[in-house]
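Presented below is the structure to which this report refers.
The values are calculated or read from the model by the stated rules, or taken from the named source; none is laboratory data. Note that the structure is a prediction, hence the values are computed from the model and not measured. Glycine also receives a Cβ, built like all others from the backbone with ideal geometry; neighbour counts cover every protein chain displayed. We work out accessible area using only protein heavy atoms, side chains counted, and drop any ligands, DNA or RNA first. Shrake-Rupley method; radii C 1.70, N 1.55, O 1.52, S 1.80 Å.
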Amino acid sequence: MSSLHGLILGLGLFFLGLQLTGQNMRALSGGSFRNLVRRLTDSPWLAGVCGVLAGALMQSATAVTFILVSMLGSGVIQSAAAGLVLVWCNVGLTAFAFLAAFNISPLVAYLVGGAGILMGAVRTKPWNTYAGAFLGVGIILFGLEQVGSGLAPLKEAAWFSEVLEMALGSPVLAFAIGFAASALLQSNTGAAMVVITLAQGGALKVSEGMPIIYGANLGAILLRMFLASGLKGSSVRLVRMEDLFCVFGGVLMMGLLFAEKAGIPLVLGLAERMDGGAPIQLALVFLLSNLIPAIVFTPLLPLCDAALKKFCPSDPSDKPHCPKYLTHQALADPESALDLIPKELGRLFASVNLSKVRGVGEGDPDESTSFAMLASAIESFCVRLAAENPLTAAQSQRLQRLRAWLHTIRYIGEAVEGLAVSRMALPPGAEACSSGLISWIARNIALGAEATSSMDAKKIHAFFESSKQKGSDVREMRWNFLANCGAFSPSGTLDMSSMVDAFDISAWLIHRLSKLQMQAIGQVV
């Protein structure tokens, strides 16, 4: 095999390994990361530790960013803690680069072979996912070996030396190369590992690889700009915070590099004190290129957040027909998506059109249209969530439960529309007698919407108790309505009975929703 063939094969395997590792690591780490965030973000120090662990596990600051975006929307984490986790996850993801710095060639064959056999033989999760992650790591390392072998003959060629000399002669150009490589690979860790492999083969020096690594830390900005389309308010501010940190880190480290060229020993001076040759030294440079900016940037987080609020303010318009919490970015993290759906269902429940029932003019026809459009958007999100993700049995069961809530809320909306029609058919002057029934419906819709959004056990229990259709207060309201309305029109008994029937259907559906929610929190009713 020619050196060019080996180089292309190595790059292809490297890309494949990155994708395979990323997919499986995110699948393994998503739930653990969420639980870690819930436990460790009460303290700024613990939030930083959580970020380091998340970066080391998931090996992608972009993946961590969008999981945090979903968690921020669902109220699991506050923006201040999310910023800390985000900044320090960049430090954690540098751990993987040290693998490329050590000579573990004898283990690569066993890693690829063993993981491949395990992945093919074991179909159950999470073991199959663990095998996929190890297989991805092995393919990355094997791909890097092929890249190194392919470059070995090339470094002796005069044209290759000239190209490298031209590319690396300017730190600014080398920085741009690192940015482009990271954008292409969609991973600054991947770009850093390629640089380390080149240094291991003697193709470049530590001082030449440093600006490439600094530029690589900015490469994922383009991907995040694309993925963040449609985000607003605190969500887009969090994404921009990660971009701002990357730019800050790149500028800071390039400033240190130019200071070092002026004769002040800094990062390069520290790296050269470390034994192990160029690969280990560049791995240390990659670590420092994220650690130093994280230390400096952390105290500046409140100022940056305040500045971002001016450039990315919260969207004051809350369009009733558009989802507020459900975004296409949330589909990548099923657990976060399942936390966001109840919040959107609470909005849907609160938007049930009560203006006609209350007799406020003819009611707003746009309210009914908005209700139907929002319900369809939620249903579409649920379908996409199931279609685009390999959900666990527990996640599938939870999604089915939430869809049952959605269908019930839709039926409640239709029943309330029927209640409005029945009310308009009452005899003149009799509408006022129905105020007790209407107030009961409105009160329980408000309670139910809050319980649905919060998923708080106490609020769900309060909603359940309030919505009991067979309570004495409900029976008394019915009898008072029939007795008082009979004084206006003794012949309107049929219309009054229709009104009571419409109320009973609405009340039954509202109580049915409360029972479904009680079952969701483990209460048998």
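Of note:
- Looking across the range 379-410, the residues that are open to solvent by less than 30 Å² (accessible area, probe 1.4 Å) and either modelled with pLDDT under 85 or closer than 15 Å to LEU345 by Cβ (or both) come down to PHE381, CYS382, LEU385, ASN389, LEU399, LEU402, TRP405, LEU406, THR408, ILE409.
- Scanning the range 217-236 for residues being in contact with a Gly (Cβ under 9 Å, 6 or more places away or on another chain), crowded, with 22+ Cβ neighbours inside 10 Å and in contact (Cβ under 8 Å) with a residue 60 or more places away in the chain gives a total of 2.
- Residue satisfying all of: in the range 92-117; open to solvent by 60 Å² or more (accessible area, probe 1.4 Å) and touching a Gly at 6+ places or on another chain (Cβ under 9 Å); farthest from ILE196 (Cα to Cα) among these: TYR110
- Here SER376, SER336 are screened, and the one residue that is modelled with pLDDT under 90, part of a helix (DSSP H, G or I) and not charged (D, E, K, R) is SER336.
- Boolean, PHE371 is among the hydrophobic types (A, V, I, L, M, F, W, C), within 23 Å of LEU513 (Cα to Cα) and in contact with a Gly (Cβ under 6 Å, 6 or more places away or on another chain): yes
- Selected residue (only one of GLY209, GLY249, GLY255, GLY190 is touching a Pro at 6+ places or on another chain (Cβ under 6 Å) and part of a helix (DSSP H, G or I)): GLY249
- Any hit, the range 346-362, residues being part of a helix (DSSP H, G or I), open to solvent by 60 Å² or more (accessible area, probe 1.4 Å), at pLDDT 80 or above and among the charged types (D, E, K, R): no
- One residue from GLY418, GLY448, GLY413, GLY436 being modelled with pLDDT under 80 and either open to solvent by 10 Å² or more (accessible area, probe 1.4 Å) or not hydrophobic (A, V, I, L, M, F, W, C) (or both): GLY436
- Residue count for the range 249-273, restricted to those that are surrounded by 13 or more Cβ atoms within 10 Å (Cβ to Cβ) and farther than 30 Å from ILE221 by Cα: 1
- Test: residue in the range 120-127 that is more than 30 Å from GLY215 (Cα to Cα), open to solvent by less than 50 Å² (accessible area, probe 1.4 Å) and at pLDDT below 80: yes
- The conditions of being among the hydrophobic types (A, V, I, L, M, F, W, C), open to solvent by less than 30 Å² (accessible area, probe 1.4 Å) and farther than 19 Å from TYR214 by Cβ are not met by LEU282.
- Some residue of the range 64-73 being at pLDDT 75 or above, closer than 25 Å to LEU9 by Cα and open to solvent by less than 30 Å² (accessible area, probe 1.4 Å): no
- Scoring ARG123 on the criteria (1) more than 25 Å from the chain's Cα centre (by Cα); (2) assigned to a helix (DSSP H, G or I) leaves a single failure, condition (2).
- Close pairs (6 angstrom Cβ cut-off, 6 or more residues apart or separate chains): closer than 20 Å to SER370 by Cα in the range 320-341, of a type in the set (Ser, Thr, Tyr) and not in a helix (DSSP H, G or I) anywhere: PRO320/SER351; LEU340/SER74; LEU340/TYR325
- Search result, residues across the range 45-65 that are farther than 17 Å from PHE297 by Cβ, assigned to a helix (DSSP H, G or I) and of a type in the set (S, T, N, Q): THR62
- Residues satisfying the stated conditions in the range 392-423, i.e. touching a Lys or Arg at 6+ places or on another chain (Cβ under 9 Å) and farther than 22 Å from ASN444 by Cα: THR392
- Residue list for the range 292-325, restricted to those being touching a Ser or Thr at 6+ places or on another chain (Cβ under 8 Å) and not in a loop (DSSP other than H, G, I, E, B): ASP305
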